[in-house]
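Only one structure is covered here, and it is reproduced in the block below.
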Amino acid sequence: MRPLRAQAMAIAVGALLPLSSPALADDEVKAERIHSPLPLYTFDWEQIWPRSFVSGDDFGCTSRVAFGDWRFTPSPENEFEDPHWERFANYGVYHCAAMMRTGSEQAELDEAQWKYGFFVQLGTARRNGAKWELWAFQKGMVPGSEYTLLARQPGEAMIERFTVLQQRCPAGTRMEAKGLDIWTTRYCAIDTPAELLSLARQMLTLPALGVIERVTKAE
């Protein structure tokens, strides 16, 4: 996903952003970059998608999350981010991964640079008495991965909508180099699936950044 304009944070972009990073009030929405030195989730994790399948003579990749074009709509509390688009497609038949492209407009997705990643169900939590599934999009493999925290209420149908959660560094995990003028280096260093699940559960209690949902064409 595209960077937040005023906060110089990134949800799903791969490069550091040439913007300043002012101190943020606790009541402002935040989307700090989350990074792990190695991917936290592999195909040993049962709920990572897309993943391979074999059924008789059939084989390939399957996913609980629908491929196609998705539109992000910021929540009323998120005044720093604009609507934008993501395209998710399967990499291939023999080797499974989601290919993600990002654009300000849907028409830009055809020419946008792609990145590899996976949708991962981290676990579950409860909010206001209701059960929620906690997810992340794990983007990139070398050097390590970045994460976008997501949530949804359980359902059996193909997934076509997520709530996009805030991302705030837990105490002791924020990494930041000093002395580089306005260039942003800050990120949250998360080293284990347990840490990421704990963070997602905390973020579920806060106002969301927005929603991202699959659409078939621009309105």
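The values are calculated or read from the model by the stated rules, or taken from the named source; none is laboratory data. Everything numeric in this text was worked out from a predicted model, so none of it was measured. Using ideal geometry, Cβ is built from the backbone for each residue, glycine included, and neighbour counts are taken over all protein chains shown.
For segment 46-62, the set of residues classified as surrounded by 16 or more Cβ atoms within 10 Å (Cβ to Cβ) and out of contact with any Cys (no Cβ under 8 Å at 6 or more places or on another chain) consists of I48, W49, listed by residue number.
Once segment 24-53 is narrowed to residues that are hydroxyl-bearing (S, T, Y) and assigned to a strand (DSSP E or B), the residue that is farthest from the chain's Cα centre (by Cα) is S52. Can you tell me which residue is surrounded by the fewest Cβ atoms within 10 Å (Cβ to Cβ) among those in segment 76-109 that are under 16 Å from V120 (Cβ atoms) and among the small types (G, A, S)? Selected residue: A97. Being surrounded by 14 or more Cβ atoms within 10 Å (Cβ to Cβ) and of a type in the set (G, A, S) is the filter here, so list the residues in segment 156-196 that pass it. Residue satisfying the conditions is A189 alone. Within segment 123-157, being more than 20 Å from R51 (Cβ to Cβ), among the polar types (S, T, N, Q) and at pLDDT 95 or above holds for one residue alone: Q153. Here R214 fulfils each of the conditions (1) in a loop (DSSP other than H, G, I, E, B); (2) surrounded by 16 or more Cβ atoms within 10 Å (Cβ to Cβ); (3) not aliphatic (A, V, I, L, M) apart from (1).
Looking only at residues of segment 63-75 that are out of contact with any Pro (no Cβ under 8 Å at 6 or more places or on another chain) and among the charged types (D, E, K, R), we find that the one that is surrounded by the fewest Cβ atoms within 10 Å (Cβ to Cβ) is R64.
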